[in-house]
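Everything on this sheet refers to the single structure shown next.
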Amino acid sequence: MAEASRRYVSKGVAHVVLAPGAEQVPVTFVLLPGFTMLAFSSAIEPLRMANQLTGQELFRWQVLTEDGKPMACSNGLQVIADGSWLGTQPDGLIFVCSGVEPETKGSPALADWLRGLWRRGRIVGGLCTGAYTLAKAGILKGRRFTLHWENIEGFTESYPDLPPARQVFTIEDRVMTCAGGVAAADLMLKIIHDRFGAKVSQEVMNMCLLTQRRDDKDQQTTSLAARLGTRHDKLLQAAEFLEARIEEEFDLDACADHLDLSRRQIERLFHRYLDTTPVRYMNDLRLARGRALLAETDLKVTEVAVACGYASTSHFSKSFRKKYGVSPYRFSHFGLTGAPGG
């Protein structure tokens, strides 16, 4: 077997019979600084397994960076690149692999390059927070897309006219996105299924030790009931009511009227099932949102306080420091997540 073929078709015991002559799918991964290793490996390994199982080069892949040099991912490991994306016109599927602090990682030049490819008929996509670059490229408006749930708050502040879906992955109008992590495997399994059939897809799942392939209707995170550990209908309705109004002034009376309950009944539900109060529950939601905005956007602390429903910056800052052990100013400027002081 030629050296080039050995790169794409490794040896293995398991085998799937697939008629020869299947059209090969070229895949390009563009790595950005701090990209998420789990999302990248979850995307590329199913492609390798499909090749190994069938003994055919169903997929060929390349890894590109802006300067063609190795790129460090979020855990510090470096991945060797095949070259630079500058001046290239790859065929097939092109995925931007991003991760931490995505707002500052995708350059305008990369956005222009990606937009040009999409306009020429290529399929483009984003893994984890790669949707930031797709947004800069101007190709997400009116299309379903997603990114990691942790970054959705920051993304919607930066792009208020581009509401992300909260599904594990999306495919629409030659744009593919996934939430990162093992959701990248779900997206690739969908591609393998659609291109080469259910048998190959199922055997790749078996190789990955996955017992279920999620589709684009599945949510990224567990349901509110699972997250709160209860199925009490009125409590879930109260929590949903409060979460939907995180930027508004806290109004338990409005919540009570909406549910046809008294304030005291709602307070008892929160105490019994969540061991907290509605006020504390809402404050925790606001602080979590504030932490996300400080980490993923360039918003000032005063702007974040307003976006999280606080009447004053000082109240937000005191609450933030009490919960996270660092002031919001120091957290946003130095990336400290739990250091004392600030």
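Summarising the amide proton neighbourhood of F35: residues at separation of 5 or more, or on other chains, whose placed amide H is nearer than 5 Å comprise S74. Annotation: the antiparallel percentage among DSSP beta bridges lying fully within segment 110-193 is about 45.
Rounded to whole Å and ordered largest first, report the semi-axes of the equivalent ellipsoid of the chain derived from its Cα gyration tensor (root of 5λ).
42, 24, 17
An ellipsoid equivalent to segment 3-207, defined through the eigenvalues of its Cα gyration tensor, has semi-axes of 27, 18, 16 Å when rounded to whole angstrom and sorted largest first.
The phi torsions of segment 35-47, fed into the Karplus equation with coefficients 6.51, -1.76 and 1.60 and a -60° offset, translate into couplings of 4, 8, 4, 4, 5, 5, 5, 5, 8, 7, 5, x, 5 Hz, rounded to whole numbers, with Gly and Pro shown as x. Between rounded, prolate and oblate, where does segment 27-118 land on the alpha carbon gyration tensor, with a ≥ b ≥ c its root eigenvalues, rounded for a/c under 1.5, else prolate if a/b exceeds b/c? Note, shape of segment 27-118 comes out oblate. Phi angles of segment 13-29 translate, via the Karplus equation with coefficients 6.51, -1.76, 1.60 and θ = phi - 60°, into HN-Hα couplings of 7, 5, 8, 10, 7, 9, 4, x, x, 5, 6, 6, 10, x, 10, 10, 10 Hz per residue; Gly and Pro are given as x. Using R0 = 35 Å, the C-beta based FRET efficiency linking H315 and D112 works out to 0.25. Spatially close Lys pairs in the chain, defined by Cα atoms under 23 Å apart and a spacing of eight or more places or different chains, total 13. Per-residue ellipticity at 222 nm, computed for the chain from helices alone with -39500 (n - 2.57) per DSSP H run of at least four residues, works out to -13500 deg cm²/dmol. Give me the tail of P(r) for segment 127-198 as a percent: Cα-Cα pairs with distance above 20 Å. Pairs farther apart than 20 Å: 25 percent. For segment 323-329, putting each phi into the Karplus relation 6.51 cos²θ - 1.76 cosθ + 1.60 with θ = phi - 60° gives couplings of 7, 10, x, 8, 6, x, 5 Hz, in residue order, rounded to whole numbers and with x for Gly and Pro. The residues packed around A43, meaning those with a beta-carbon under 12 Å from its beta-carbon, carry a net charge of 0 if Lys and Arg are +1 and Asp and Glu are -1.
When only Cα pairs below 8 angstrom with a gap of at least 6 residues are kept, the chain shows a relative contact order of 13 percent. Amide H contacts of W61: V27, each under 5 Å away and 5 or more positions distant or on a separate chain (H built 1.01 Å from N in the peptide plane; Pro and chain starts excluded). Annotation: amide H of V30 within the under-5 Å range of L64, F95, V96, C97, sequence separation 5 or more or interchain, hydrogens built in the peptide plane. Among DSSP bridges having both ends in the chain, what percentage is antiparallel? Round to the nearest 5. Around 25 percent of the beta bridges assigned by DSSP in the chain are antiparallel ones. Taking only the Cα atoms of segment 224-334, the radius of gyration and Dmax are 15.0, 46 Å.
To the nearest 10 degrees, how steep is helix 198-207 against the longest Cα principal axis of the chain, on a 0 to 90 scale? The helix 198-207 is inclined about 70 degrees to the chain. Count charges around D215 for me, please; just the other residues with Cβ under 12 Å from its Cβ, Lys/Arg as +1, Asp/Glu as -1. Computed value for this residue: 0. Stretching the chain fully between Q265 and S10 yields a gain of 85.6 nm (0.36 nm per residue, less the alpha carbon separation).
Every number in this text was worked out from the coordinates using simple rules, so none of it is lab data. Since this is a predicted model, take the numbers as computed values, not measurements. No Cβ is skipped: glycine too gets one built from the backbone with ideal geometry, and neighbour counts run over all protein chains shown.
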